[in-house]
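Below is one structure, written out as structure tokens; the observations come after it.
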Amino acid sequence: MTDSAPVFSAADTEQVTCCLCGDAGKQVYDLPPYGVRRCTRCTLVFVSPRLQGPALSRFYDQVDYFEGGVYGDRSRWSPAMVLQRIWTSGRLDRIARARSAASSGRSGGGQRLLEFGSGYGLFLATARGRGYQVQGVELSRPAAEATKGLDIDVYCGQLVDAPLTSPYDVICGWDTLEHVPDPLAVLRRIRELIAEDGTVALSTPYFSSLPSRLLRERWWTLKPTEHIWHYTPYTLRLLTARAGFTVTDVIRSPLARANLTRLDSLVVLLRPNPVRP
Ligand SMILES: [Zn+2]
């Protein structure tokens, strides 16, 4: 974050409740103008007060949001880019393994893959190289423009507003679900879009991680301006179940390629539950 980053006050915020229970929660950390709260029923952690619509747009419209902290130096051999490539290949391998276990037994080879929060399109470009037919959704205009420059079809906006045609064989969201205003609505939209034998893959920071528990309000990933939902393996199961999914894999090890070096984040794979007649 640079000195030019917008400064927000209580007037830019709104109160929200747990997206699963409607509970106002109990305060965990007080970080004015924000609060970090935990649902008293299901234990899902969320930010309230949090930035509301116009202020949030102002935050994400900063060019340096993506140019700076999120992707770091985008030159080919920068440490950030080397890690991105390791994660991408580890995650695509995990997805391929889940796909071959799924009933169809297909992987790559013309399957449709959608990424929401596709950033600069680096993951999509690699997935395309493995034979997937790829498509992205990205809120940041500069990032979406860069993706179009790779000749990848990308919708600039929110997933719930994107004109998409189901079914997709694979839907991915890397470090996105903690940012969206309503994660249940996003997951329900993904449930509509995914094939009945499809695979969903997500990564997100987790609140029960060691860095979070040790560093508490100094946890570097807390970032209450942008990370407005904080999950645990347990609350991710609850949330995804409500949207019609079963968690099939949870990858927490910082030694796994899909999650390399990440002490406070995890990767989950989901399969859709059969629709009840
Ligand atoms: Zn709750």
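The values are calculated or read from the model by the stated rules, or taken from the named source; none is laboratory data. Quick caveat: nothing in here was measured; it's all calculated off a predicted structure. Here the Cβ positions follow ideal geometry from the backbone for every residue, glycine too, while neighbour counts run over all protein chains shown. Remember, those area values only see protein heavy atoms, side chains included, never the ligands or the DNA or RNA. Shrake-Rupley method; radii C 1.70, N 1.55, O 1.52, S 1.80 Å.
Yes/no per residue for (1) at pLDDT 95 or above; (2) under 26 Å from GLY25 (Cβ atoms):
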residue: TRP220; (1), (2): no, yes
residue: GLY244; (1), (2): yes, yes
residue: LEU260; (1), (2): no, no
residue: ASN273; (1), (2): yes, no
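Can you tell me how many residues in the stretch 4-50 are away from the ligand (no atom under 12 Å from the Cβ), farther than 23 Å from TYR60 by Cα and open to solvent by less than 20 Å² (accessible area, probe 1.4 Å)?
1
Within the stretch 24-63, can you find the residues that are at pLDDT 95 or above, of a type in the set (Lys, Arg) and under 13 Å from GLU226 (Cβ atoms)?
Matches in the stretch 24-63: ARG50 only.
List every residue pair whose Cβ atoms lie under 7 Å apart, where the two residues are 6 or more positions apart in sequence or sit on different chains, the first residue falls within the stretch 223-246 and is charged (D, E, K, R) and within 13 Å of the ligand (Cβ to nearest atom), and the second residue, located anywhere, is at pLDDT 95 or above and not in a strand (DSSP E or B).
Pairs that qualify, where the first residue is charged (D, E, K, R) and within 13 Å of the ligand (Cβ to nearest atom) and the partner is at pLDDT 95 or above and not in a strand (DSSP E or B), are ARG242/LEU20; ARG242/LEU184.
Can you find a residue in the stretch 245-255 that is of a type in the set (A, V, I, L, M) and assigned to a helix (DSSP H, G or I)?
There is no residue in the stretch 245-255 that is of a type in the set (A, V, I, L, M) and assigned to a helix (DSSP H, G or I).
Do you know which residues across the stretch 256-277 are small (Gly, Ala, Ser) and part of a strand (DSSP E or B)? Reasoning before the result, please.
Quick first cut of the stretch 256-277, residues small (Gly, Ala, Ser) only: 256, 258, 265.
Within the stretch 256-277, SER265 is the sole residue that qualifies.
Just the residues that are under 22 Å from ASP93 (Cα atoms) and surrounded by fewer than 18 Cβ atoms within 10 Å (Cβ to Cβ), please, taken from the stretch 258-277.
Quick first cut of the stretch 258-277, residues under 22 Å from ASP93 (Cα atoms) only: 258-272.
Result: LEU260, THR261, LEU263.
Could you check how many residues of the stretch 160-213 are in contact (Cβ under 8 Å) with a residue 40 or more places away in the chain and of a type in the set (Lys, Arg)?
Count: 2.
Might you check whether a residue that is buried (at least 22 other Cβ atoms within 10 Å of the Cβ), touching a Leu at 6+ places or on another chain (Cβ under 9 Å) and in a strand (DSSP E or B) occurs anywhere in the stretch 233-243?
Looking through the stretch 233-243, none of the residues is buried (at least 22 other Cβ atoms within 10 Å of the Cβ), touching a Leu at 6+ places or on another chain (Cβ under 9 Å) and in a strand (DSSP E or B).
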